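The values are calculated or read from the model by the stated rules, or taken from the named source; none is laboratory data. Since we're looking at a predicted model, the values are computed, not measured. We place every Cβ from the backbone using ideal geometry, glycine too, and count neighbours over all the protein chains shown. The area values use the complete protein model at the heavy-atom level, side chains included, leaving out ligands, DNA and RNA. Shrake-Rupley method; radii C 1.70, N 1.55, O 1.52, S 1.80 Å.
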Amino acid sequence: MCMRRILGLALAAATLVGMSAVGAVSAGAAPSPTISRDECAAAGGQIVTRAYAGYVCALPDGTTPPIT
């Protein structure tokens, strides 16, 4: 009985560690999309200068993709 409990806890811990690793990889793999000046203007956005970040497009939906 004790061995079964220990194996169950080990399996649960391994599952949680695996899920955390997959989540971290997924979060780091999603790069932010870029947009051109023409695409920004066509989408109704405004080109804004950000200190130390260059130019971004402030779109009406609140997103700010970087300008390429």
Q) Looking only at the range 48-61, which residues are surrounded by 13 or more Cβ atoms within 10 Å (Cβ to Cβ) and among the hydrophobic types (A, V, I, L, M, F, W, C)? A) Val48, Val56, Cys57, Ala58, Leu59
Q | Criterion violated by Asp38 - all others in (1) open to solvent by 100 Å² or more (accessible area, probe 1.4 Å); (2) at pLDDT below 90 satisfied | A | (2)
